[in-house]
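The values are calculated or read from the model by the stated rules, or taken from the named source; none is laboratory data. These numbers come from a predicted model, not from an experiment. Note: ideal-geometry Cβ built from the backbone for every residue, glycine included; neighbour counts use all protein chains shown.
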Amino acid sequence: MDTLANALNCLKVAETKGRTQAKIRPASKTIREVLLLLQAQGYVGEFKFVDDGKSGEFIVTLAGKINDAGAVKPRFAVSKKTWEKFETRFLPAKGVGILVVSTPQGIMSHSQAQEKNMGGRLLCFVY
């Protein structure tokens, strides 16, 4: 079970149905970091963690800006020279959307990783 893919699918379905909130269950640290990145980029609003005694859940306020989101399987390794290839593969146009990447310095967007001249593993895309 891929919890990140499940969380992104939950966000996408809630957006297409026109809902204002989405519940993401189960919660994890990786999902929290991705939600923080999406919040900084303006794709989602505020979110909070609700502890239910098991794994918990996130309640996310939607901003209405997600057209598509998905996990990247397999988790491709991206070097600092191959960003262009994966941008054209997963994003609709240059400058539209973000690729979320796991680097040695943490989870960040592909543009932040390019600025820091880093590579990593692709986790997901959102636009």
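List of remarks:
- Flag if ASP52 is surrounded by fewer than 15 Cβ atoms within 10 Å (Cβ to Cβ) and of a type in the set (Asp, Glu): yes
- Residue that is nearest to LEU8 (Cα to Cα) [pool: residues in the stretch 36-46 that are part of a helix (DSSP H, G or I) and of a type in the set (A, V, I, L, M)]: LEU38
- Where SER55 falls short, out of the listed (1) within 15 Å of the chain's Cα centre (by Cα); (2) modelled with pLDDT under 95: (1)
- Candidate set from the stretch 77-102 (those that are closer than 11 Å to PHE125 by Cβ and surrounded by fewer than 17 Cβ atoms within 10 Å (Cβ to Cβ)); member that is nearest to the chain's Cα centre (by Cα): VAL96
- Qualifying residue in the stretch 36-43 (condition: surrounded by 13 or more Cβ atoms within 10 Å (Cβ to Cβ), more than 20 Å from LEU122 (Cα to Cα) and of a type in the set (Phe, Trp, Tyr)): no
- Residue within the stretch 111-124 that is in contact (Cβ under 8 Å) with a residue 60 or more places away in the chain and exposed (fewer than 15 other Cβ atoms within 10 Å of the Cβ) present: no
- Here the stretch 47-67 is the region considered, the condition is being part of a loop (DSSP other than H, G, I, E, B) and of a type in the set (S, T, N, Q), and the residue that is farthest from ALA14 (Cα to Cα) is SER55.
- Of the residues making up the stretch 1-35, those that are in contact (Cβ under 8 Å) with a residue 12 or more places away in the chain, surrounded by fewer than 17 Cβ atoms within 10 Å (Cβ to Cβ), in a helix (DSSP H, G or I) and of a type in the set (Val, Ile, Thr) number 2.
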